[in-house]
1. Sort out which residues of segment 67-91 are in a loop (DSSP other than H, G, I, E, B) and in contact with a helix residue (DSSP H, G or I) (Cβ under 9 Å, 6 or more places away or on another chain), and write them in order of number.
2. Considering Ala220, Ala241, Ala247, Ala235, which residue is at pLDDT 90 or above and farther than 30 Å from Leu129 by Cβ?
3. Suppose we keep only residues that are touching a residue at least 24 places away in the same chain (Cβ under 8 Å) and surrounded by 20 or more Cβ atoms within 10 Å (Cβ to Cβ) within segment 102-134. Which one would you say is farthest from the chain's Cα centre (by Cα)?
4. I need every pair where a residue in segment 148-170 that is within 20 Å of Glu71 (Cα to Cα) has its Cβ under 7 Å from the Cβ of a residue that is among the polar types (S, T, N, Q), sequence separation at least 6 or different chains.
5. One residue is enough: does segment 55-66 have a residue meeting the conditions in a helix (DSSP H, G or I), modelled with pLDDT of 85 or more and in contact with a Gly (Cβ under 8 Å, 6 or more places away or on another chain)?
6. So Glu67 passes all but one of these: (1) in contact with a Phe, Trp or Tyr (Cβ under 9 Å, 6 or more places away or on another chain); (2) free of Cβ contacts under 8 Å to residues at least 24 places away in the same chain; (3) under 15 Å from Pro94 (Cα atoms). Which condition number does it fail?
7. Filter segment 153-179 down to residues that are in a strand (DSSP E or B) and modelled with pLDDT of 80 or more and give me whichever is nearest to the chain's Cα centre (by Cα).
8. Output the residues belonging to segment 14-47 that are part of a strand (DSSP E or B) and surrounded by fewer than 12 Cβ atoms within 10 Å (Cβ to Cβ).
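The values are calculated or read from the model by the stated rules, or taken from the named source; none is laboratory data. Model, not experiment: these values are computed from the prediction. Every residue, glycine among them, receives a Cβ derived from its backbone with ideal geometry; neighbour counts consider all protein chains shown.
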Amino acid sequence: MRVGSIVVALVALIVIASSAFVVRADQTAILLQFGRIVKSGYEPGLHFKIPLLQQVQRFDRRILTLESPPERTLTSEKKDVNIDFFVKWRISDPARYYVSVGGDETIAQSRVAPRIRDGLRTAVNSKTLTELVSGGRADVTQGLIAEANRAIEGLGIEVIDLRIKRIDLPEDGTVINSVYERMRSERKKVASQLRAEGEEVSRTIQADADRQAQVIKAEAYRDAEKTRGEGDAAAAQTYAAAYGRDAEFYSFYRSLEAYRGSLATPNGLLVLDPKNEFLRYLQESK
């Protein structure tokens, strides 16, 4: 009797253990019976099923990441660019997710990625390289999320976010060289402009300095002439005062100055009347 009770208890325990299942906080689940979905959207916690007849399929309910290799496409200028991006997505409807992709995450990503690439390629084709590099990546991804969700509506998947990590120029294309040449020409243009502006400023400074120098020289010459005139006037006044005390001496001094000026030239010849007033002091000295 005791053995029978133990057997019944073990069977009951096995049945209870096989009929109970746990859904973790990071999971969602569906219940299958003979391959047909009988219930979906299980919340985290302890649940029960019919042993042997029903099976539980669990899925990750967290936000998942789709990493895609760089996508090569053309801008509106027909220039090659490599777009490196990633997609954040989650399972929004476990039942549809199971029916459409069999609950396989790899298959789900392979269904999502082409739609994202097509939308991204179309968006990039409408923009120039300058617009993409200078901040246009946000404009590119803004409308792609809604378009992607409409395209994958029947997969039970929802795209949460789409981000462009990097925009590169292909190394095997001519875009890099053209970009470098354009950058080099722009730098040369800026350098030439700065050089021209510097030369213009230099000429302006030089002209202003020359003008100031001319003004300073003119003012200095004016002051010098004024000082010289004042000195000559003072000297003449001093001479006049000195010579005014003895008119005869002044006359004699001026005659000597005239003799020095007239007879200073070598081999000079001076023809005068001996009675000329100019020779008065020479005659008196005999």
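1. The first filter runs over segment 67-91 and keeps only residues in a loop (DSSP other than H, G, I, E, B), leaving 68-70, 75-79.
Selection gives Ser68, Thr75, Ser76, Glu77, Lys79.
2. Working: Ala241 fails: at pLDDT 90 or above; Ala247 fails: at pLDDT 90 or above; Ala235 fails: at pLDDT 90 or above.
The conditions single out Ala220.
3. The residue in question is Ala108.
4. Hits for this filter: Val159/Asn149; Leu162/Thr141; Arg163/Thr141; Ile164/Thr141; Asp168/Asn82; Pro170/Asn82.
5. Going residue by residue through segment 55-66, those that are in a helix (DSSP H, G or I) are none.
Within segment 55-66, none of the residues are in a helix (DSSP H, G or I), modelled with pLDDT of 85 or more and in contact with a Gly (Cβ under 8 Å, 6 or more places away or on another chain).
6. With (1) in contact with a Phe, Trp or Tyr (Cβ under 9 Å, 6 or more places away or on another chain); (2) free of Cβ contacts under 8 Å to residues at least 24 places away in the same chain; (3) under 15 Å from Pro94 (Cα atoms) applied to Glu67, the lone miss is (3).
7. Filtering segment 153-179 down to residues in a strand (DSSP E or B) leaves 157-168.
Add one more test, that the residue is modelled with pLDDT of 80 or more, and what stays is 157-163.
Working: Ile157: 39, Glu158: 36, Val159: 33, Ile160: 31, Asp161: 27, Leu162: 25, Arg163: 22 Å.
Only one residue fits best here, namely Arg163.
8. Arg36, Gly45, Leu46, listed by residue number.
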